[in-house]
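In what follows, a structure is listed as structure tokens, so that the remarks can point back to it.
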Amino acid sequence: MDKVSGVEMGLPIDELTLAWPCLVGADVVRVERSENTTWLVNGPGGMFAVRRYRDGYEDMRSIGAELRLMQLAKEALPIEIPGVVPTHRGEEVLRRCDGLYVVFTFLPGEMATQSDIVAQASRIGEMAALLHRSGEDLDRTQRTRWSWDVDALTGAKPRWGSWQPAFAHEPRGYEIVAAAQGEVETQMSTATRAESAYGLLHADLRAANLLVHEGVLTGIIDFDDCGFGWYVYEAVASLSFYETSPDASRFLRGWLGGYAQVRALSPESLALIPTLVIYRRLLLTAWLLGHPHVSVPGVDRYRFGVDTADLADRYLRDPYDIERLLAT
């Protein structure tokens, strides 16, 4: 990998080394900008991931809950989870004038491909179930994460913005998708929030956040979207951007089979999956609009809107038929 100085990539590396001596002499080898900014750095002290949390996206308490969930997952899952590197004062989070910083240990492995997650669907489902079970141990005073519910999509401050501008020049598509959103709101507002169905999630177990070695799942990264939601939403999030793939149904069946080895899902939870597919698709539509600089492998932004309207149309014909929704 090519190396550049942290300053060139927007990382105040010299100042951060005062808090994290392990970063002395480190260079940036990669930077990723999404909700937050993460720099992969390499130096004499090793490789680390340095994250700056976007101002206003999270606060100290919500970051603390994220880090606690990571620790619980690290103890419960038989795969790798990044560790948190404390500052020289023993703090997990450093507050600076330009944001909140956390340094994570670097995990070796390759980012999963869509083919990898289909092949590893059962194992991903099993790991998700173990993660959900570990999340139940989070002290209630630390449960300060947001919820992946209707408000995240349609509230006064949608989590990732509004999807509507994506259909500004597609009135028919807009009409269909708006109707589907209405059905999504109805279904989600009446869905059970029993502890067996609803709890703390990673909420973004898609290929980009899964590590593999020789095709086998070895690690989970990027917990910064973790929050409360329906457990089956975890499976839906894994399908992000690939809901219309020929392998979508196969992945879902494998995921559910793996999950069932650890925890049971009620018929009511399973019936909510089509609704959550559309919910996630609308969130992603908004996310793409807000992240024009981010390249998503295999995603044609125009085609994404067309396919979203098609999915919405199928959903409206039967909000409970997941096989029909994911049929290609």
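Please return the ranges of helices (runs of 4 or more DSSP H) entirely within segment 106-181 where 1 or more residues are without any contact (Cβ under 8 Å) to a residue 60 or more places away in the chain and open to solvent by less than 60 Å² (accessible area, probe 1.4 Å).
Output list reads 150-154.
Among the residues that make up segment 279-294, is at least one of them modelled with pLDDT of 95 or more, closer than 24 Å to Gly109 by Cβ and among the aliphatic types (A, V, I, L, M)?
No, because not a single residue in segment 279-294 is modelled with pLDDT of 95 or more, closer than 24 Å to Gly109 by Cβ and among the aliphatic types (A, V, I, L, M).
So is Ser295 out of contact with any helix residue (DSSP H, G or I) (no Cβ under 9 Å at 6 or more places or on another chain) and part of a helix (DSSP H, G or I) or not?
No; evaluated as a whole, the condition is false for this residue.
Among the residues of segment 290-319, which ones are open to solvent by 60 Å² or more (accessible area, probe 1.4 Å) and under 17 Å from the mean Cα position of the chain (by Cα)?
Ser295, Pro297
For segment 210-248, what are the residues that are within 14 Å of Ser115 (Cα to Cα) and not in a loop (DSSP other than H, G, I, E, B)?
Leu210, Leu211, Val212, His213, Val216, Leu217, Ser238, Ala248
Quick check, is Glu92 of a type in the set (D, E, K, R) and assigned to a loop (DSSP other than H, G, I, E, B)?
When the stated conditions are applied, Glu92 passes them.
Scan segment 260-289 for residues that are closer than 20 Å to Asp321 by Cα, assigned to a helix (DSSP H, G or I) and open to solvent by less than 50 Å² (accessible area, probe 1.4 Å) and jot them down.
Ser269, Ala271, Ile273, Pro274, Thr275, Leu276, Val277, Ile278, Tyr279, Arg280, Arg281, Leu282, listed by residue number.
Restricting attention to segment 81-103, report how many residues are open to solvent by less than 70 Å² (accessible area, probe 1.4 Å) and either among the β-branched types (Val, Ile, Thr) or in contact with a helix residue (DSSP H, G or I) (Cβ under 8 Å, 6 or more places away or on another chain) (or both).
Selection size over segment 81-103: 13.
Can you pull out every residue in segment 19-36 that is in contact (Cβ under 8 Å) with a residue 60 or more places away in the chain and either hydroxyl-bearing (Ser, Thr, Tyr) or open to solvent by 30 Å² or more (accessible area, probe 1.4 Å) (or both)?
Within segment 19-36, Pro21, Cys22, Arg33, Ser34 meet the criteria.
The values are calculated or read from the model by the stated rules, or taken from the named source; none is laboratory data. Remember, predicted model here, so these are calculated numbers, not experimental data. Please note: Cβ atoms are built from the backbone with ideal geometry, for glycine as well, and neighbour counts cover all protein chains shown. Keep in mind that these areas ignore ligands, DNA and RNA; they rest on the heavy atoms of the full protein, side chains included. Shrake-Rupley method; radii C 1.70, N 1.55, O 1.52, S 1.80 Å.
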